[in-house]
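Trainee: I'd like to ask you about the structure that follows.
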Amino acid sequence: MNSKMESPRGPRPSELRRVPGIDYGDLESHFGYALRRAQIASFEAFYRASAGAGITPPRFTALVILHANPGITQTTLGNVLGTARSGAMLLTDWLEERGLAERRSRADDGRVWGLFLTVKGEALLARLRRRVRENDAAFARRLAPRERSSLIRLLNKLAG
């Protein structure tokens, strides 16, 4: 196995670049193909920023959402992440096992569990936010400021 090109699970996303001598047909005209390649490049930038933290984009998103919405229900968190209820439960379990979040009964309804970041979760999020923002800015420098704002606006429009 070429250590530069592959991990035990195969090539890293950053290595999924154009292969010389390969005809990509009409893929360049496919909107979804361009979005997917951009997503792979963006995720690779995220993994560089979060190196050593064991945090994936969905886990980072969950930390941000829990910080901004203390007491959010697991079901609502799943809806925000676009995942099934079982996926939200697995994510919540993962966060709780590492001491990053906890389930507590909610003051407004004791029958419902709310999710809250712990002090450890808040500290990790603060460190990650700085690193992710810096790396995101470096990644986005490929575009002019006006292009960046237009792209974000258009992607949000596509997302609905």
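Trainee: Might you report the magnitude of the Cβ-based charge dipole of region 55-132 about its Cα centre, with Lys and Arg at +1 and Asp and Glu at -1, to the nearest 20 debye?
Mentor: 300
Trainee: In nm, to one decimal, how far is the modelled label at residue 152 from the one at residue 90, with both set 7 Å along Cα→Cβ?
Mentor: So the label points at residue 152 and residue 90 sit 3.1 nm apart.
Trainee: Report Rg/Rh for region 55-132, rounded to two decimals, where Rg is the Cα radius of gyration and Rh the Kirkwood radius.
Mentor: On the Cα set of region 55-132, Rg over Rh gives 0.95.
Trainee: To the nearest 20 debye, what charge dipole does the chain have about its Cα centre, counting +1 at the Cβ of each Lys and Arg and -1 at the Cβ of each Asp and Glu?
Mentor: 440
Trainee: Hey, another quick one. Quickly rank 140-148, 43-51 as a protection proxy: mean count of other C-beta atoms within 10 Å, highest first.
Mentor: 43-51, 140-148
Trainee: Follow-up question, since we're still on this one. Over the Cα atoms of the chain, what radius of gyration and what Dmax do you get, in Å?
Mentor: Reported Rg and Dmax, both Å: 18.7, 63.
Trainee: Along the charge dipole of the chain, which of 160, 80, 64 sits closest to the positive end, that is, farthest toward it, with unit charges on the beta carbon of Lys, Arg, Asp and Glu (+1, +1, -1, -1)?
Mentor: So the residue furthest toward the plus end is 64.
Trainee: Restricting to DSSP H runs of at least four residues, report the calculated mean residue ellipticity at 222 nm for the chain, -39500 (n - 2.57) per run over all residues, nearest 500 deg cm²/dmol.
Mentor: -18000 deg cm²/dmol
Trainee: OK, next. I'd like the distance between the alpha-carbon centres of region 58-97 and region 105-154, rounded to an integer number of Å.
Mentor: Distance between centres, Cα-based: 13 Å.
No lab work stands behind these numbers, since they all come straight from the coordinates. Bear in mind that the values here come from a model prediction, so they are computed numbers and not experimental data. Every residue, glycine as well, gets a Cβ built from its backbone with ideal geometry; the counts of neighbours run over all protein chains shown.
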